1. For A:I50, indicate whether it is under 28 Å from A:S216 (Cβ atoms) and within 16 Å of ligand 2 (Cβ to nearest atom).
2. Can you work out which of the residues in the stretch C:93-104 that are at the interface with another protein chain (Cβ under 8 Å from one of its Cβ atoms) and open to solvent by 30 Å² or more (accessible area, probe 1.4 Å) is nearest to B:D278 (Cα to Cα)?
3. Considering the stretch A:153-177 alone, what residues qualify as being within 13 Å of the chain's Cα centre (by Cα) and within 15 Å of ligand 2 (Cβ to nearest atom)?
4. Does at least one position in the stretch C:43-60 carry a residue that is facing chain B (nearest Cβ under 8 Å), farther than 25 Å from C:A168 by Cα, touching a residue at least 24 places away in the same chain (Cβ under 8 Å) and of a type in the set (S, T, N, Q)?
5. For the stretch C:108-135, enumerate the residues that are in a helix (DSSP H, G or I), open to solvent by less than 30 Å² (accessible area, probe 1.4 Å) and hydrophobic (A, V, I, L, M, F, W, C).
6. Have a look at A:L140, A:L146, A:L155 and point out the one that is assigned to a strand (DSSP E or B), within 14 Å of chain C (Cβ to nearest Cβ) and either among the aliphatic types (A, V, I, L, M) or more than 16 Å from ligand 1 (Cβ to nearest atom) (or both).
7. In this structure, is C:S102 part of a helix (DSSP H, G or I) and among the polar types (S, T, N, Q)?
8. Restricting the first residue to the stretch A:41-61 and requiring it to be within 30 Å of A:G231 (Cα to Cα), which pairs with a second residue that is assigned to a helix (DSSP H, G or I) and near ligand 1 (Cβ under 9 Å from one of its atoms) meet a Cβ separation below 8 Å and a spacing of at least six or different chains?
Amino acid sequence: MADLLAIEGLSAGYGRAVVLSDVSLRLAEGEALAVLGRNGVGKTTLIDSIVGVTRRISGSILLGGRDIAALPPEQRAALGVGWVPQERNIFRSLSVEENITAVARPGPWSLQRVFDFFPRLKERRHQAGSSLSGGEQQMLAIGRALATNPRLLLLDEPTEGLAPIIVEELLRVLTALFRDEGLTGIIVEQQARKILPITHRALILERGQVVHAGASGELLADAAMLERHLGVTAG
Amino acid sequence: MTNRMGAWRRREILAGLAATAGMLAAPAIVRAAPSGKPVKIGGTLSLTGFLAQTAVIHKIASEIMVEEINVRNGFLGRPVEFVLLDDQSKPDVARSLYEKLITVDKVDLIQGPYATAPILAAMGVAQRYGKVIIQNSMGIPKMQTYERAFPATPFGSEPDKTYPNVILDAMASLPTPPKSMVVLTSKFPSAQFMALGMKEQAEKRGVKVLMYLEYESGNRDFGAIAARIKEANPDFLWVGSLGLESNQVLESLRKLDYAPKNHFHLYPAPGPLALSPDGNNALCSTFLEPAEPFMSRPGVARIAGEFKEKATKANLPYTTIDAQAAGMVSQWQMLEAAVNGSGSLDDEKIAAWLKKNRVTTIYGSLRFDGPFNHGDASQLIKQVQDKEWRVVWPKEFAAPGVALKGA
Amino acid sequence: MPSATLLGQALISGVLAGGMYGLLALGLSLSWGLLRLVNLSHFALAFLAAYLTYELGTNYHVAPWWSAMLIVPAMFAMGLAQHWIFDKFKVNELASLLITFSFAIILEVAIQLYWTADYRRYETHYSTMSFKVGPFYIPVLELILCLVAGVLAWGTWLWLRKTYVGKALRAAAEDADIAAAYGVDHKKLAYLLSGMGAAYAGIAGTFIALIATLAPAQIWTWLGVVFAVVIIGRLGNPLGALFAGMLIGASESIAMAVLSPAWAPVVSFSLLIVILLWDPEWL
Ligand SMILES: Nc1ncnc2c1ncn2[C@@H]1O[C@H](COP(=O)(O)OP(=O)(O)O)[C@@H](O)[C@H]1O
Ligand SMILES: [Mg+2]
């Protein structure tokens, strides 16, 4: 099967600083990829480069065979890049429902289906985006991205800063999306043990470079590797 | 990238502003022919801004007069050149332009601008350089404290006392003289000055002032004021209006299905008020109208004809010469008489000559030896009859068959 | 103490005069609130439309509603052209003030060159028509203006709330980069909105031609009060703009009826300050 996403030799940065250097990765249709790494290694920069909101220095980004690396963000979105930013970036002045419908595009993920998936959002559909709790905001951010009916869903640390009970709920959502629905996507996470069971493959970034790539199951079993690159202790 | 954009942006703004400034600042030079080095006369008019509609009239009057003077002898045999700048209706701009005219352009003489605020600004500069300044529209004579400033319009030295009495005399001559009145005025200083005088004189003569109302200049909606006037229902409505305010008051009254009985307007836009469906019987002060006996004064018919021609060419909707345009004519007649009379371009000599001599202007014979260099008041009252202004008071100035109409 | 009739009449004429404030505020509020462009030339565009209405009406005897059919689309096109400049030079909020101020001056000069600085009045028999309800007189033209302003404000409000384009615009106004990453083509929408703002100026201009006497410098007459209205009504909120317009119109008018008329401008700006400090939820 053809790769949905193929990144080749991607370098990106801010101003003069090169944050990502020569990153390559491939993602097949229906695959979920975990991107792991400590704080500040360039995970967000990688996601943002695919979305088109950072400065790319070199390299290509092929989505369904088409190079999107030079396109502005709105055209990438139209071609199927869906994004759940690390900061969530809910439109605070719009209602919950408007946050979703303002960016929705036709496809299987209708407003109704998003609400079925996140009943809490349905309850709060008329509330302002600014009134939501952190967990609800994260769900809205995911629901909003789903409503654009993306071919590729990018989630940047979706569990960050959430209460453990909410994290569990979110992980169930992600399992449903990537295991049951068969969505294609990249999930950036710090909690390797939580996310590896959901994804098919994983890669580890260190100082802007890919230091490991392989199957999620294998990495989950490799305590030494996890310890070395992520500081995750066995257990 | 960002920097380049920044530079572009600034350049764009600068270009826009510069183009605008260029359009506004380009001097309009009115030039003609006798011989020798031209005598340069500098002045500003509010060619743009809120006073612009009156400035066009004054500009045309100036053009006519410069041409006339040059056809005659010029100033002391030399051609006259008028360097006219646009003060944008702003006193501070007027101030710096007069400064520039005197020090940079080195004009020989100056002419005053139009309206109290620019005149005061120009007068300050004139005083500093000892220049004679003649003006035609400073409604508060006691503000003209500079000894080389001269009025071209016969306001008299105390118009706040003399004007109201002429109006009250006219009202008293009606078959049913008004017993009550409402004084409504803009807070614009020269209007307020006259309004207070009107109130005082009316009360002295036993006309009951039911209401005295002031509104801010630039007032947009006269609905509530109209409702108050209608409720007071005075025999006589005196409006200290400027420009279009009179039309606005009358229109607002009509929307309440009310027409004032007798109504006087201080400084209205004459054309629009005469043509307005609500303007009938409106009263106003004047010094001159394009009718007899004024037209038989020397040169007046010719000037009126030229005015009509130029105003039509300039696409003005109202093309008859009126007291306003006449003010500028009078200004030039005074300067011409004083320069040629004193035989000098020296401001001191010109001023001295004006204080000692009378000048025959479009307004008749004027003198300048009273308080604040003013002479006699010679106020007339005109009225809109059949969409035209007609002089109705004093009776001897009314054309045959024309008489003051009361409510 | 003023009579009830006087107060009622003052209230009516104030609310109706406020309709004009609201109508003028509408386009300004949209571009300021949703595009972060403060368009000072809005007033000049309205006057250009008013002069065109006058010209067509007086010289070619075209009824104002027919000329509006011509002028409003033309103004829409002018709005697009103007936005092209904003877009090309990536104009920000502050620069937009300066640039549109220059536009306004240039338009003022152009208007004066063609129509002269002299007063122009488009006389129609309905300009001062009114009808009576109980003891009160309702001026017809101002009433129509208010109805039109009401329909526009309400329609625009619904459009912003219910359509994809409207919601996308609001999202982009809040965070243009994020909205773009979700596929909102902010640039295209901004053109549309600039065009609409100018078209609204065109509609306001039609009424200005019928209600007011025109002179180039009058462009600036409404500037202060309409800015107050835009701010009180909250940027980008069309219903707020109309409501604030009527609120200011009514308070000015009541002040003129009860106090000295000279207090009117003080009242509107005091109202602005009070509302800015108090910042009530419902407004
Ligand atoms: N807007 C920015 N400007 C400059 N440097 C940045 C910016 N954002 C991130 N960085 C730097 O880039 C590096 C990678 O950041 P990021 O991609 O956010 O890492 P991660 O998501 O893995 O924590 C960090 O050193 C960070 O300080
Ligand atoms: Mg990050």
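The values are calculated or read from the model by the stated rules, or taken from the named source; none is laboratory data. Model, not experiment: these values are computed from the prediction. Glycine gets a Cβ as well: all are built from the backbone with ideal geometry, and neighbour counts include every protein chain shown. Side chains are part of the model used for accessible areas, which takes the heavy atoms of the whole protein and leaves out ligands, DNA and RNA. Shrake-Rupley method; radii C 1.70, N 1.55, O 1.52, S 1.80 Å.
1. So A:I50 passes the test.
2. C:F103
3. Residues satisfying the conditions are A:L154, A:L155, A:D156, A:E157, A:P158, A:T159, A:E160.
4. No, every residue in the stretch C:43-60 fails to be facing chain B (nearest Cβ under 8 Å), farther than 25 Å from C:A168 by Cα, touching a residue at least 24 places away in the same chain (Cβ under 8 Å) and of a type in the set (S, T, N, Q).
5. Across the stretch C:108-135, the qualifying residues are C:V109, C:I111, C:W115.
6. So the residue among A:L140, A:L146, A:L155 that is assigned to a strand (DSSP E or B), within 14 Å of chain C (Cβ to nearest Cβ) and either among the aliphatic types (A, V, I, L, M) or more than 16 Å from ligand 1 (Cβ to nearest atom) (or both) is A:L155.
7. Answer is yes for this residue.
8. A:T54/A:T45; A:T54/A:D48
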